[in-house]
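Below: the structure, in structure tokens.
The values are calculated or read from the model by the stated rules, or taken from the named source; none is laboratory data. What you are looking at is a predicted structure, and each value in this text was computed from that prediction instead of being measured. In this analysis, Cβ positions are derived from the backbone assuming ideal geometry, glycine residues included, and neighbour counts consider all displayed protein chains. SASA here: full protein model, heavy atoms, side chains in, ligands and nucleic acids out. Shrake-Rupley method; radii C 1.70, N 1.55, O 1.52, S 1.80 Å.
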Amino acid sequence: MTMIDIKFPDGSVRSYEKGVTGYDIAMSISPRLAAEVLAVSVKYPSEPATAKGTTIDLDRPIVENVEVRLLKWEDDEGKKVFWHSSSHLMAEALEALYPGVKFGIGPAVENGFYYDVDFGGRPFSDSDLEKVEKKMLELARQKQAFVRKDVSKADALAYFTAKGDQYKQELISELEDGTITYYTNGDFTDLCRGPHLRNTEVIKAVKLTAIAGAYWRGDQERNQLTRIYGITFPKKSMLDDYLIVLEEAKKRDHRKLGKEMELFTFSSRVGAGLPLWLPRGAALRNTLENFLRRKQAEQGYLQVVTPHIGSKDLYVTSGHYAKYGKDSFQPIHTPQEGEEFMLKPMNCPHHCEIYRSSPRSYRDLPLRFAEFGTVYRYEQSGELHGLTRVRGFTQDDAHLFCRPDQLQEEFEKVIDLILYVFKTLHFEKYTAQVSLRDPKNPSKYIGSDENWNKAEQGIIDAAKSKGLPYVVETGEAAFYGPKLDFMVKDAIGRSWQLGTIQVDYNLPERFELEYVDADGQKKRPVMIHRAPFGSLERFVAVLLEHTAGHLPLWLHPDQVKVLPVSEKYADYAKKVVFLLNNSEIRASIDDRNETLGKRIRETSLKRVPVLAIVGEKEQAEGTVSVRRGAADAGSMTIDGLIGYIRDAVRDELAQ
């Protein structure tokens, strides 16, 4: 009998017979644990220390010494397996209800799963979802096993050719023979790498949430499939809680709030994914920009401005064109033959050229160039979503050029800046994600292993030094360097990626950036990319949903709305607005010929934090009647209101 050693997350090691499965290991600890485990993560001795391991089926044999993590619902990897298996369960239900249906891909996503389906011209609408849900639950109760099988490329092609599924045939044609696997549950067999649950019994609650159109492989020239989204849970109570959150999310939808608060709009004439900021939205953006500009000025950042386009050669040099050129906005051709420009997809190449514009000494470093730079990236129309997925957006971008001995200190200062932003805007729950390259797919990246190793270790050292709660994600790095992404949880528990910091040894090489060191030798600087907001569009969207539109007083585009009770007091109301505006308080008047009650209701819909109501008594006494949200703050002089607003703003920013 050959034994192998299994190491657990707590560092303990147990010996098991070679060929033991994750399920066997869980059972050896306790039957209750085995009932809760969904999959197992194994990490082989050859993998780097930062690797998280590979998730496999609970019934896959383990044949060498490994580290394991037994994955439960609480683990993100466990949820991914649960939801991927649920997509197969949905496909089985659809095939039973709609014989001859064909399938594209069906992955797990952040909250649930989807499958792209070709119904062959048969109608399918929201009204059909309930019967699919019922069929899924019926099949789940059958405790169907998910059975993995290795198949040859010829057999796989023959199976899906006989089935008439051209989508699977296309996918198989691109795979290497010897790497192809099926998974079967019940009467449904699918091309799939896995991993999957042991069986369907643990799927106790199902909700199919949406239907959308999706072009096969994102190509608008190809068939449009029906994308069905869903989510499942191991307990009915979890689904009930999720549906409550879903209803709350609808109320907080930034697209709805943006319309009610008159912040932004979209126009088909302007183009999909290109937001138009209305006066209130522009005021909100300006306030956010000024907030960050002040903090950056304190830390020695230098503001720069770069054009919205650049020569194609600029992005060839940076490597962006080779990586993303075919999927980006295409080159702009000028009347001069051979001259090509690109809409700016990134600010960093422009900032590299600013660095190159003058000789640099080691005494000049670090140099910190900052810009609220608008960039343009093509997104498929089906992927656009409000302000969170757009084709033109403004990054609070900065690029720091420093000596290697300055890297960790500069990186930690950027971490401090991002945490300051989060604290001020009450994003109290966050996790840092160290995003590393995928060692199995080196063609995705540019630069030497030496530079990547230095950059990855630098990020990990900085995260440890700052005591950040962080996780490591392999394969999530940018093509030119690893990064530290900040994942925040909003008020209703949803995760969003906001701030990001990246270490880059590669662009300084590609642009031949240099400084003269103390020894007189020319050296390469290290480059840090950073964006605390990420982009203003996405940040505003997340902030609106986090606060349900009730923005902090210092940030709200309408800090005070002055309401005269009737037309007789409009002149006095205008005087109040004038004095507030002269004191740098954003105030405006609503003197429309509507009832006071209606104007108060409509002002509340815009989430204006402070109402100042004026009538006969207030005009006579030189005062205003103040309401803060739903609370009556009493009568104040105009100077008193100015002091009240200033104190409240100071307190918010001091937190």
Q. Quick one: in segment 55-71, which of the residues that are in contact (Cβ under 8 Å) with a residue 60 or more places away in the chain and of a type in the set (A, V, I, L, M) is surrounded by the fewest Cβ atoms within 10 Å (Cβ to Cβ)?
A. Val66
Q: Answer with yes or no whether Ile600 is closer than 30 Å to Asp639 by Cβ, touching a helix residue (DSSP H, G or I) at 6+ places or on another chain (Cβ under 7 Å) and surrounded by fewer than 22 Cβ atoms within 10 Å (Cβ to Cβ).
A: no
Q. Inside segment 224-265, can you point out the residues that are on the phi > 0 side of the Ramachandran plot and part of a strand (DSSP E or B)?
A. none
Q: Scan segment 290-299 and give yes if some residue there is outside any helix (DSSP H, G or I), open to solvent by less than 50 Å² (accessible area, probe 1.4 Å) and either closer than 22 Å to Val540 by Cα or of a type outside the set (Asp, Glu) (or both), otherwise no.
A: no
Q) What pairs can you find where one residue is in segment 211-227 and closer than 18 Å to Asp128 by Cβ, the other is of a type in the set (Ser, Thr, Tyr) and open to solvent by 40 Å² or more (accessible area, probe 1.4 Å), and their Cβ atoms are less than 9 Å apart, with a gap of 6+ or different chains? A) Ile211/Ser125; Ile211/Tyr229; Ala212/Tyr229; Gln224/Tyr215; Leu225/Tyr215
Q: List the number of the failed condition for Phe329; all other conditions in (1) at pLDDT below 95; (2) within 21 Å of Arg510 (Cα to Cα); (3) open to solvent by 20 Å² or more (accessible area, probe 1.4 Å) hold.
A: (2)
Q. Considering segment 72-107 alone, what residues qualify as being touching a helix residue (DSSP H, G or I) at 6+ places or on another chain (Cβ under 7 Å), free of Cβ contacts under 8 Å to residues at least 60 places away in the same chain and open to solvent by 10 Å² or more (accessible area, probe 1.4 Å)?
A. Lys72, Leu97, Pro107
(Q) If I filter segment 35-49 down to residues being touching a Lys or Arg at 6+ places or on another chain (Cβ under 9 Å) and part of a loop (DSSP other than H, G, I, E, B), which single residue comes out as surrounded by the fewest Cβ atoms within 10 Å (Cβ to Cβ)? (A) Val37
Q: Answer yes or no as to whether Arg32 is within 19 Å of Phe82 (Cα to Cα) and either out of contact with any helix residue (DSSP H, G or I) (no Cβ under 9 Å at 6 or more places or on another chain) or assigned to a loop (DSSP other than H, G, I, E, B) (or both).
A: yes
Q. Filtering segment 468-491 down to residues that are among the small types (Gly, Ala, Ser) and in contact with a helix residue (DSSP H, G or I) (Cβ under 7 Å, 6 or more places away or on another chain), which residue is farthest from His320 (Cα to Cα)?
A. Ala491
**Q.** Residues located in segment 164-186, provided they are closer than 25 Å to Ala93 by Cβ and out of contact with any strand residue (DSSP E or B) (no Cβ under 8 Å at 6 or more places or on another chain)
**A.** Gln169, Glu170, Gly186
**Q.** Selection count, segment 512-558, where residues are open to solvent by less than 20 Å² (accessible area, probe 1.4 Å) and either without any contact (Cβ under 8 Å) to a residue 40 or more places away in the chain or of a type in the set (Val, Ile, Thr) (or both)
**A.** 4
**Q.** Residues satisfying the stated conditions in segment 475-504, i.e. polar (S, T, N, Q) and surrounded by 19 or more Cβ atoms within 10 Å (Cβ to Cβ)
**A.** Thr500, Gln502
Q: Scan segment 603-621 for residues that are open to solvent by 30 Å² or more (accessible area, probe 1.4 Å), under 21 Å from Glu584 (Cα atoms) and either modelled with pLDDT of 95 or more or of a type in the set (A, V, I, L, M, F, W, C) (or both) and report the count.
A: 0
Q. Mind checking which residues of segment 421-433 are farther than 19 Å from His399 by Cα and of a type outside the set (S, T, N, Q)?
A. Phe422, Lys423, Leu425, His426, Phe427, Glu428, Lys429, Tyr430, Ala432
Q.
Based on this model, can you work out whether Lys52 counts as crowded, with 20+ Cβ neighbours inside 10 Å, touching a Ser or Thr at 6+ places or on another chain (Cβ under 8 Å) and not in a strand (DSSP E or B)?
A. no
Q) Among (1) without any contact (Cβ under 8 Å) to a residue 40 or more places away in the chain; (2) under 30 Å from Val649 (Cα atoms), where does Lys464 come up short? A) (2)
(Q) Given the condition hydroxyl-bearing (Ser, Thr, Tyr) and in contact with a helix residue (DSSP H, G or I) (Cβ under 8 Å, 6 or more places away or on another chain), answer yes or no: does some residue in segment 252-265 qualify? (A) yes
Q. Of all residues in segment 480-521 being in a strand (DSSP E or B) and of a type in the set (Asp, Glu), which is farthest from Cys352 (Cα to Cα)?
A. Asp485
Q) Considering only residues of segment 463-500 that are among the hydrophobic types (A, V, I, L, M, F, W, C) and touching a Phe, Trp or Tyr at 6+ places or on another chain (Cβ under 8 Å), which is nearest to Glu47 (Cα to Cα)? A) Ala477
**Q.** Single condition Lys574 does not satisfy, out of (1) touching a Leu at 6+ places or on another chain (Cβ under 7 Å); (2) surrounded by fewer than 18 Cβ atoms within 10 Å (Cβ to Cβ); (3) not aromatic (Phe, Trp, Tyr)
**A.** (1)
Q. Among the residues of segment 335-348, is there at least one that is open to solvent by less than 60 Å² (accessible area, probe 1.4 Å), among the aromatic types (Phe, Trp, Tyr) and part of a strand (DSSP E or B)?
A. yes
Q: Could you grab me the full set of residues in segment 88-133 that are more than 20 Å from Glu170 (Cα to Cα) and within 23 Å of the chain's Cα centre (by Cα)?
A: Ala108, Val109, Glu110, Asn111, Gly112, Phe113
Q: Please give the number of the condition Ala398 fails out of (1) at pLDDT below 95; (2) under 18 Å from Arg538 (Cβ atoms).
A: (1)
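Table: residues versus (1) closer than 30 Å to Leu425 by Cα; (2) within 24 Å of the chain's Cα centre (by Cα).
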site	(1), (2)
Leu276	yes, yes
Ile309	no, no
Tyr315	no, no
His320	no, yes
Ile332	no, no
Gln336	no, no
Pro349	no, yes
Q. Does Gln502 count as within 25 Å of Gly319 (Cα to Cα), at pLDDT 85 or above and either of a type in the set (D, E, K, R) or over 14 Å from the mean Cα position of the chain (by Cα) (or both)?
A. yes
